[in-house]
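Student: If you scroll down you'll find the structure; I have some questions about it.
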Amino acid sequence: MRELTVAASVARALMELAASKGGSRSALAARSGIALPDLEDPDNRIPFASYVALMRAAQQLCNDPAFALHFGEEVDASELSLAHMMGGADNMENALAMGNRYARLAIEVEGDGTGDRFQLRRVAGQLWFVDARGNPNDFPELTGSTFARSR
C-alpha cells in the first residue's frame, strides 16, 4: 500500500498556529518527524503519519485537547491553498462534488468503501453530512478540524 500524504501548506498552517499558541517549532518538528525546510514549498507532500503526530504534539505542547477544532475555526481554507476547492460552488451539491474532487490534494485518506469521502446521507428522516473515511476514530482530530472549517 502506498503511503498517504498531506500538502505541506496544511502541515505548515498547523505548525504556525501551534507556534502562535506557545508550541516550540523545534519541539513540534522533532515530535512529528517533519523537517522544517520541507514545509517551505507548498507543493511538497508530508507523510500522513507525520501530520497526525504534528497534530497530537500541538495538542500536548499547547495544552489544548481541542486544538484540532481551533485549527479548523482559526485557519481559513485560503491559507491552506484550498480555497479553490469549494469556494466557487453555487450550491451545496456542487460544493460537495468539488470538495470530493480536490480533497485528496490537501489530505489523502483511506475511504470506507462507500464512495466519495464527503457524503450527504439520509438516516431516519434526517440529513447527515458524513466524512466517510476508513477508521475515522484513529484520527478523529481530522474530522473535527474539517467540520469546524466547513461552518
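Student: Looking at the range 115-151 only, could you name the residues that are within 19 Å of residue 7 (Cα to Cα), in contact (Cβ under 8 Å) with a residue 24 or more places away in the chain and in a strand (DSSP E or B)?
Tutor: 133
Student: Something else about it: So, in the range 41-64, of the ones that are open to solvent by 70 Å² or more (accessible area, probe 1.4 Å) and modelled with pLDDT of 95 or more, which residue ends up farthest from the chain's Cα centre (by Cα)?
Tutor: Among those that are open to solvent by 70 Å² or more (accessible area, probe 1.4 Å) and modelled with pLDDT of 95 or more, it is 63.
Student: In the range 88-101, how many are under 20 Å from residue 5 (Cβ atoms) and at pLDDT below 80? Give the steps one after another, and end with the answer.
Tutor: Step one: list which residues in the range 88-101 are under 20 Å from residue 5 (Cβ atoms), which gives 99-101.
Adding the requirement that they be at pLDDT below 80 leaves 99.
Selection size over the range 88-101: 1.
Student: Across the range 1-21, what is the total count of residues that are open to solvent by 60 Å² or more (accessible area, probe 1.4 Å) and under 17 Å from residue 59 (Cβ atoms)?
Tutor: Of the residues in that region, 3 qualify.
Student: Within the range 101-114, restricting attention to residues that are of a type in the set (Asp, Glu) and in contact (Cβ under 8 Å) with a residue 40 or more places away in the chain, which residue is nearest to residue 52 (Cα to Cα)?
Tutor: Taking the range 101-114 as the starting set, the residues that turn out to be of a type in the set (Asp, Glu) are 108, 110, 112.
With the extra rule that they be in contact (Cβ under 8 Å) with a residue 40 or more places away in the chain, the set shrinks to 108, 110.
Details: 108: 12, 110: 14 Å.
Selected residue: 108.
The values are calculated or read from the model by the stated rules, or taken from the named source; none is laboratory data. None of the values given here were measured: they were computed from a predicted structure. Cβ atoms come from the backbone with ideal geometry, glycine included; neighbour counts cover every protein chain shown. To get the accessible areas, we keep the full protein, side chains included, count just its heavy atoms, and leave off ligands, DNA and RNA. Shrake-Rupley method; radii C 1.70, N 1.55, O 1.52, S 1.80 Å.
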